[in-house]
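**Q** Pasting a structure here, questions to come.
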Protein chains: 2
Amino acid sequence: MIKRIGEGTLVFENKPAVAGYASVVGKKEADGPLGKLFDKVIYDSRGGVETYEDAESALQREAVICALEKSGVRAADCDCVFAGDLLNQCAASVFGLSGFGIPYLGQYGACSTMAQSLLMAAVFVESGAAKNAVAVTSSHFCSAERQYRFPLEYGSVRTPTAQWTVTGAGGCVINNGGKIAKIASAAVGKITDLKITDANNMGAAMAPAACDTLLRFLKDTGTKPQDYDCIFTGDLGLVGSRILCDLLAQSGYDIRKNHNDCGLMIFDRETQDVHAGGSGCGCCASVLCSKILGDMERGKLKNILFIATGALLSTTTAQQGKTIPSIAHLLNIIR
Amino acid sequence: MIKRIGEGTLVFENKPAVAGYASVVGKKEADGPLGKLFDKVIYDSRGGVETYEDAESALQREAVICALEKSGVRAADCDCVFAGDLLNQCAASVFGLSGFGIPYLGQYGACSTMAQSLLMAAVFVESGAAKNAVAVTSSHFCSAERQYRFPLEYGSVRTPTAQWTVTGAGGCVINNGGKIAKIASAAVGKITDLKITDANNMGAAMAPAACDTLLRFLKDTGTKPQDYDCIFTGDLGLVGSRILCDLLAQSGYDIRKNHNDCGLMIFDRETQDVHAGGSGCGCCASVLCSKILGDMERGKLKNILFIATGALLSTTTAQQGKTIPSIAHLLNIIR
């Protein structure tokens, strides 16, 4: 069963576990600091298929195939897949996963979707609703640019606060027997809106959501940031990470020593021209399913927080001059 | 706890219950056969706000406010809201619900989203992850036409198989103490793709998904269609409903006597010029949260199946000539 403590942190009594994980990324991500840790790489933007969108679907498909293989669980034994992406109507997930025949529950939390999907998988496994559940998300630089910004062919100039959408996917198989890491507790985010409207500065829009969820979790659990080996945020990038540290400092918390951001880990900002860092549903998913869970498997990390943030805008709402509401979901993952 | 039976039907041992429900619709829906049963009506397409999208957000907001009032549960006591809509990045839900401060988990299952959200709410309440959970979805004719088809100003001609997107929202409050109806069991849908590509005939695309989920549920539970007072489908409309009946007949089941479709219930096809019937996330949500739950509350219905179907296409995938994968989630709701 799941126990609710404090304002609403979920504590998993049986601690659903990661039985397998895998990541598939594009060439630029493979050239970055984590390059050797990914399971598969596609070397051109289409990965041998006709459209960027199909390529993104293939990333998810491959991540699931690989995570299933590593976990020793067959697709036929999976009771549920929780998935999402940034494309309109979560199309990458649908076309990527339709072949598996696994009951499907589409999730949308923008770049927070990996944490949301993992949280769902943990709730389903803990409650008995699923024996094996899969969580997977993706993003693709080219499909995201086309949908959210400009067709690549325009060659438009990026602002310094802009982030670079990661081409990648990460997937996990969750069940009660997994040996890699356990999901101990979680906090569902609230929609946070500090009235930021600059769609080229999503880190700033998302940092308050991360701050809100983290503060609630620390209060509910009576823990301090230092109690965790590392606090990983999803894709705040350079600008958002600084804002998060500043916001937390106002509440008396210093996370600068044990905070890292997946958007800063995946690229080398000095040489890879990604401005404020990586972003996208596939950013924290592929970093979680390579470096972070890898370090947990190797025993280098024993107790972490994984906080994925999402900017809940659409091109329609941006064009209508609306603000960028954000959200952050948190998982406490232990060895 | 949740028990899994057969291939994967979820049986809720404590039977999470509907504590309150409400629907808000547009003028055309209010003029239809169920007109008197809705809680609120907006009489012009914008409902007094600036854009169709904002009007859709307002539908969700009002549905939640009203459902909370009727259930006697305060927003502050809600642990989770599961919501979704047809707009890109589920924008209607985000802007409609951001003011409540309820932890938010965005769902995307196209027109199946109401069943998916209710299923999630039931799993969260049953497992202890939430004491009170809210499920709400919406659609709006004008925002949907603009996004999926043509701006209304074009005055384009609709095909006979086309459906009319319902302007409406429906919301439910789920907890363990609700008196209106109980969620006894549920089945999560699989992505079904019979390679239909006509986006003006979504009933045909969705019927096989409804058939697949229903057949699995009947097999898992050892029940027959006649065991239920009524089998409600979401928005198959006239064409999809006929196909569903034909498909089930091939498996030896006759549901013609106790089947109804929310897309056929909400409009009068003779006089309201909606072609094959109503559709959209708000269609089955507003019919469930008016006529169906009302009849359960009054004791007229005691044991029903609610099967909401979704066509998982986007304009991008449609323009790329891809097929329309579909899904259907099922709930068994009892008095």
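The values are calculated or read from the model by the stated rules, or taken from the named source; none is laboratory data. Every value quoted in this text rests on a predicted model; they were computed, and no experiment measured them. As a convention, Cβ positions derive from the backbone with ideal geometry for all residues, glycine included, and neighbour counts pool all protein chains shown.
**Q** Could you list, in sequence order, the residues of the stretch B:211-226 that are under 22 Å from the mean Cα position of the chain (by Cα) and either farther than 28 Å from residue B:274 by Cβ or surrounded by fewer than 23 Cβ atoms within 10 Å (Cβ to Cβ) (or both)?
**A** Matches in the stretch B:211-226: B:212, B:215, B:216, B:217, B:218, B:225.
**Q** Just give me the residues in the stretch B:217-240 being touching a Leu at 6+ places or on another chain (Cβ under 8 Å) and either assigned by TED's automatic domain parsing to the domain that holds residue B:169 or closer than 21 Å to residue B:288 by Cβ (or both), in sequence order.
**A** B:217, B:225, B:228, B:229, B:230, B:231, B:232, B:233, B:236, B:237, B:238
**Q** Continuing with the same structure: Would you mention how many residues in the stretch B:97-154 are farther than 19 Å from residue B:47 by Cα and among the acidic types (Asp, Glu)?
**A** 1
**Q** Tally the residues that are in a strand (DSSP E or B) and either of a type outside the set (Gly, Ala, Ser) or farther than 19 Å from residue B:132 by Cα (or both), restricting the search to the stretch B:3-22.
**A** Here the count works out to 9.
**Q** Select from the stretch B:175-194 the residues that are within 21 Å of residue A:98 (Cα to Cα) and assigned to a loop (DSSP other than H, G, I, E, B) and write down the one among them that is modelled with the lowest pLDDT.
**A** Result: B:194.
**Q** Please return the ranges of helices (runs of 4 or more DSSP H) entirely within the stretch B:268-323 where 2 or more residues are under 30 Å from residue A:93 (Cα atoms) and in contact (Cβ under 8 Å) with a residue 40 or more places away in the chain.
**A** B:281-287, B:315-319
**Q** Please state which of the following conditions residue B:104 fails to meet, knowing it meets all the rest: (1) surrounded by fewer than 21 Cβ atoms within 10 Å (Cβ to Cβ); (2) without any contact (Cβ under 8 Å) to a residue 40 or more places away in the chain; (3) hydroxyl-bearing (Ser, Thr, Tyr).
**A** (1)
**Q** Then there is this: For residue B:254, are the conditions met, namely being in contact with a strand residue (DSSP E or B) (Cβ under 6 Å, 6 or more places away or on another chain) and surrounded by fewer than 18 Cβ atoms within 10 Å (Cβ to Cβ)?
**A** Judged against the criteria, residue B:254 is not a match.
**Q** Working carefully through the options A:260, A:332, find the one that is buried (at least 21 other Cβ atoms within 10 Å of the Cβ), part of a strand (DSSP E or B) and either more than 12 Å from the chain's Cα centre (by Cα) or within 14 Å of another protein chain (Cβ to nearest Cβ) (or both).
**A** One residue alone meets the criteria, A:332.
**Q** Scan A:266, A:243, A:255 and give me the residue that is more than 14 Å from chain B (Cβ to nearest Cβ), among the β-branched types (Val, Ile, Thr) and either farther than 20 Å from residue A:163 by Cα or out of contact with any Leu (no Cβ under 8 Å at 6 or more places or on another chain) (or both).
**A** A:255
**Q** Counting just the residues of the stretch B:187-210 that are away from every other protein chain (no Cβ under 13 Å) and surrounded by fewer than 24 Cβ atoms within 10 Å (Cβ to Cβ), which one comes out nearest to residue B:330 (Cα to Cα)?
**A** B:204
**Q** Can you pull out every residue in the stretch A:1-13 that is at pLDDT 95 or above and surrounded by fewer than 15 Cβ atoms within 10 Å (Cβ to Cβ)?
**A** Residues satisfying the conditions are A:3, A:5, A:6, A:13.
**Q** Picking from A:76, A:115, which residue would you name as being in contact with a strand residue (DSSP E or B) (Cβ under 7 Å, 6 or more places away or on another chain) and either in contact (Cβ under 8 Å) with a residue 24 or more places away in the chain or within 8 Å of another protein chain (Cβ to nearest Cβ) (or both)?
**A** So the residue among A:76, A:115 that is in contact with a strand residue (DSSP E or B) (Cβ under 7 Å, 6 or more places away or on another chain) and either in contact (Cβ under 8 Å) with a residue 24 or more places away in the chain or within 8 Å of another protein chain (Cβ to nearest Cβ) (or both) is A:115.
**Q** With more than 10 Å from chain A (Cβ to nearest Cβ) and touching a residue at least 12 places away in the same chain (Cβ under 8 Å) as the only criterion, which of B:109, B:155, B:84, B:168 stands out?
**A** One residue alone meets the criteria, B:168.
**Q** Hey, could you check the stretch B:195-209 for residues that are modelled with pLDDT under 95 and not polar (S, T, N, Q) and say which is farthest from residue B:143 (Cα to Cα)?
**A** B:195
**Q** Considering each of A:314, A:326, A:279 in turn, give the residue that is within 14 Å of chain B (Cβ to nearest Cβ), within 26 Å of residue A:143 (Cα to Cα) and touching a strand residue (DSSP E or B) at 6+ places or on another chain (Cβ under 9 Å).
**A** Only one candidate qualifies: A:326.
**Q** Would you mind stating whether residue A:49 is more than 8 Å from chain B (Cβ to nearest Cβ), in a loop (DSSP other than H, G, I, E, B) and without any contact (Cβ under 8 Å) to a residue 12 or more places away in the chain?
**A** It is true that residue A:49 is more than 8 Å from chain B (Cβ to nearest Cβ), in a loop (DSSP other than H, G, I, E, B) and without any contact (Cβ under 8 Å) to a residue 12 or more places away in the chain.
**Q** Now for a separate question. Considering the stretch B:45-70 alone, what residues qualify as being among the charged types (D, E, K, R) and either surrounded by 22 or more Cβ atoms within 10 Å (Cβ to Cβ) or over 17 Å from residue B:28 (Cα atoms) (or both)?
**A** Hits for the stretch B:45-70 are B:50, B:53, B:54, B:56, B:61, B:62, B:69, B:70.
**Q** If I filter the stretch A:77-98 down to residues being touching a helix residue (DSSP H, G or I) at 6+ places or on another chain (Cβ under 7 Å) and small (Gly, Ala, Ser), which single residue comes out as farthest from residue B:93 (Cα to Cα)?
**A** Applying the filter and picking the extreme gives A:96.
**Q** Using the structure shown, decide if residue B:29 is touching a residue at least 24 places away in the same chain (Cβ under 8 Å), touching a Lys or Arg at 6+ places or on another chain (Cβ under 8 Å), part of a helix (DSSP H, G or I) and not aliphatic (A, V, I, L, M).
**A** no
**Q** For the stretch B:223-240, which residues satisfy the criterion of being of a type in the set (A, V, I, L, M, F, W, C), in contact (Cβ under 8 Å) with a residue 40 or more places away in the chain and closer than 17 Å to residue B:202 by Cβ?
**A** Answer for the stretch B:223-240, where residues must be of a type in the set (A, V, I, L, M, F, W, C), in contact (Cβ under 8 Å) with a residue 40 or more places away in the chain and closer than 17 Å to residue B:202 by Cβ: B:236, B:239.
**Q** I've got another one for you. Identify, by number, the condition in (1) surrounded by 18 or more Cβ atoms within 10 Å (Cβ to Cβ); (2) on the phi < 0 side of the Ramachandran plot; (3) touching a Pro at 6+ places or on another chain (Cβ under 9 Å); (4) assigned to a loop (DSSP other than H, G, I, E, B) that residue B:235 doesn't meet.
**A** Failed condition: (3).
**Q** Could you run through the stretch B:212-222 and say how many residues are touching a residue at least 40 places away in the same chain (Cβ under 8 Å) and of a type outside the set (Val, Ile, Thr)?
**A** Residues meeting the conditions: 6.
**Q** With A:254, A:198 as the choices, which residue is in a loop (DSSP other than H, G, I, E, B), in contact (Cβ under 8 Å) with a residue 24 or more places away in the chain and more than 16 Å from residue A:310 (Cα to Cα)?
**A** A:254
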